[in-house]
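Engineer: Structure provided below as structure tokens; questions to follow.
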Amino acid sequence: MPVRDGLGPARVRLRGGAVLVELADRFGDAAAQKVLAGEVVTADGSAVTAATVLPPGAHVYLYREVRDEVEVPFDVPVLHRDDNLVVVDKPHFLATMPRGRHVTQTALVRLRRELDLPELSPAHRLDRLTAGVLVFTTRQQVRGAYQTLFAQGRVQKTYLAHAGVSGGLTFPLTVRSRIIKRRGELQAVEEDGEANAETLIEHVDDGCYRLTPRTGRTHQLRVHMNSLGLPILGDPLYPTVADVPADDFSTPLHLLAHELAFEDPLTGEPRRFRSARQLPDK
């Protein structure tokens, strides 16, 4: 199914049985009406009908209903564009791609619409609250090469952050720990066991830090700074969870994906991109 108005189809993993009954049970009458209208398809592109029965684990595809969302009132400047890549300077509060309540108000959907690039896809992700350099691929044919580059950790990333100052720590220092993010829980946690996350932390000046992650766990930088007793300013999750209204953009997280560098997997060319943004005022 093609991208429609910036949105690709949602993939639904089935429990098995009559597809119409299952979708109606799980998602209500609107999903059932999509089946009856021929708007739900199987993995091979066949339309699901009222009589379609599929085994457990099979997938069907349909366009999700778009609900009203709070507009994120910040632009997404393009830092670089060529035949393979679009690199942008993502603002705070804008999710990278659709997830949960954030669908149209995401960098991916906005850019697909604004640049007329329906095959645009993120090569990696930034947290919704983190601003800075974010890389997208423009075509399906090149997507795997760049996504593999990021997945294998062959990209140098540098972040800047504001936090408190501790006289008991000596910088630079490297933090290693085991970080786990469980489905349904807002915070990631550190647990005993083999380390799966590593961050180099340098103190640049009064309350400003340069963070160089050597792995890419969810919330890694925020968790590691908090573990030192230096939570990043403006963080609504660490050390404690704060309830922030969806339309409150007054307190950005003081974390910026400042620079990103890699060897282009297709051309061998060295690539380096730097954010034009500054950290928020303290």
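Engineer: May I ask which residue of MET225, PHE249, TYR63 lies farthest towards the positive end of the charge dipole of the chain, with charges of +1 (Lys, Arg) and -1 (Asp, Glu) on Cβ and the Cα centre as origin?
Structural biologist: Towards the positive end, the residue furthest out is TYR63.
Engineer: Related question: Arrange the residues PHE150, PHE27, PHE136 by how much accessible surface each exposes, largest first, with a 1.4 angstrom probe.
Structural biologist: If we order PHE150, PHE27, PHE136 from most to least accessible, we get PHE27, PHE150, PHE136.
Engineer: Then there's this: Output the relative contact order of the chain, whole-number percent, from Cα pairs under 8 angstrom with separation of 6+ residues.
Structural biologist: 15 percent
Engineer: Relative to the compact-globule scaling 2.2 N^0.38 Å, provide the ratio for the alpha-carbon radius of gyration of region 130-282.
Structural biologist: Dividing the Cα radius of gyration by 2.2 N^0.38 Å gives 1.11.
Engineer: Turning to a different aspect of this structure: Eight or more residues apart or on different chains, and alpha-carbon atoms under 24 Å: count the Lys pairs in the chain matching that.
Structural biologist: 5
Engineer: Continuing with the same structure: Past the 20 angstrom mark, what percentage of all C-alpha to C-alpha distances in region 14-171 do you count?
Structural biologist: Tail fraction, whole percent: 63.
Engineer: Go through region 114-208 and name the trypsin sites (Lys or Arg not before Pro) that are in a DSSP coil and have 12 or fewer other Cβ atoms within 10 Å of their Cβ.
Structural biologist: Within region 114-208, the qualifying trypsin sites (Lys or Arg not before Pro) (loop, at most 12 other Cβ atoms within 10 Å) are ARG154, ARG182, ARG183.
Engineer: Can you tell me the alpha carbon radius of gyration of region 43-133 divided by the globular rule-of-thumb value 2.2 N^0.38 Å?
Structural biologist: With N residues counted in region 43-133, Rg over 2.2 N^0.38 Å equals 1.35.
Engineer: Test of understanding: extend the Cα→C-beta vector of ASP83 to 7 Å, then name every residue of region 132-146 with backbone N under 13 Å from that spot.
Structural biologist: 138-139, 141-142
Engineer: With the crude spin-label approximation of a point 7 Å out along Cα→Cβ, what separation in nm comes out for GLN278 versus ALA151?
Structural biologist: 4.0 nm
Engineer: Next up: Let me know the charge dipole size of region 55-209 about its Cα centre in debye, to the nearest 20, where only the beta-carbon of Lys, Arg (+1) and Asp, Glu (-1) is charged.
Structural biologist: Roughly 580 debye, rounded to the nearest 20.
Engineer: Next question. I want to verify a result. In a Gaussian network model of the chain, Cα cutoff 10 Å, which of these has the top mean-square fluctuation: THR106, THR174, THR138?
Structural biologist: In the Gaussian network model the winner is THR174.
Engineer: Assuming 0.36 nm per residue, please report the length gained on full extension of the stretch ASP206 to VAL41 beyond their Cα-Cα distance.
Structural biologist: Extra length available between ASP206 and VAL41 comes to 53.7 nm.
Engineer: At 0.692 mPa s and 37 °C, plugging the Kirkwood radius over alpha-carbon pairs of the chain into Stokes-Einstein gives what diffusion coefficient in µm²/s?
Structural biologist: Reported coefficient: 157 µm²/s.
Engineer: Right, here's the next one. Averaging sequence separations of C-alpha pairs under 8 Å and six or more residues apart, then dividing by the length of region 36-108, give the relative contact order as a whole percent.
Structural biologist: 21 percent
Engineer: Something else now. With contacts defined as alpha carbon pairs under 8 Å and 6 or more residues apart, what's the relative contact order of region 86-209 in percent?
Structural biologist: Computed over region 86-209, the figure is 19 percent.
Engineer: Which FRET efficiency, nearest 0.05, do PHE249 and VAL53 yield, Cβ-Cβ r, R0 51 Å?
Structural biologist: Efficiency, rounded to the nearest 0.05: 0.60.
Engineer: Given region 101-147 reduced to its alpha-carbon atoms as identical point scatterers, what log10 I(q)/I(0) does the Debye formula return at q = 0.20, 0.24, 0.32 Å⁻¹?
Structural biologist: -0.69, -0.94, -1.23
Engineer: Mind listing the phi-derived Karplus ³J(HN,Hα) values for region 236-251, rounded to whole Hz, using 6.51, -1.76 and 1.60 with θ = phi - 60°, and x for any glycine or proline?
Structural biologist: Per residue, the Karplus-derived 3J(HN,Hα) values read x, 10, 10, x, 10, 7, 10, 8, 10, x, 4, 9, 9, 10, 7, 10 Hz.
Engineer: Same structure, new question: Between ARG176 and VAL241, what length in nm is gained on full extension when 0.36 nm per residue of separation is reduced by their alpha carbon distance?
Structural biologist: Gain on stretching ARG176 to VAL241: 21.1 nm.
Engineer: Can you give the calculated 222 nm mean residue ellipticity of the chain, where each DSSP H run of n ≥ 4 adds -39,500 (n - 2.57) and the sum is split over every residue, rounded to the nearest 500 deg cm²/dmol?
Structural biologist: -4500 deg cm²/dmol
Engineer: Further question: Calculate the FRET efficiency for ALA195 and ARG64 from the Cβ-Cβ distance with a Förster distance of 22 Å, rounded to the nearest 0.05.
Structural biologist: 0.05
Engineer: Something else: Angle, helix 140-151 long axis vs. longest principal axis of the chain, Cα atoms, 0 to 90°, nearest 10?
Structural biologist: Computed tilt is about 40 degrees.
The values are calculated or read from the model by the stated rules, or taken from the named source; none is laboratory data. Treat the numbers as computed from the prediction; the structure is a model and nothing was measured. Please note: Cβ atoms are built from the backbone with ideal geometry, for glycine as well, and neighbour counts cover all protein chains shown. Side chains included, ligands, DNA and RNA excluded: accessible areas come from the protein's heavy atoms. Shrake-Rupley method; radii C 1.70, N 1.55, O 1.52, S 1.80 Å.
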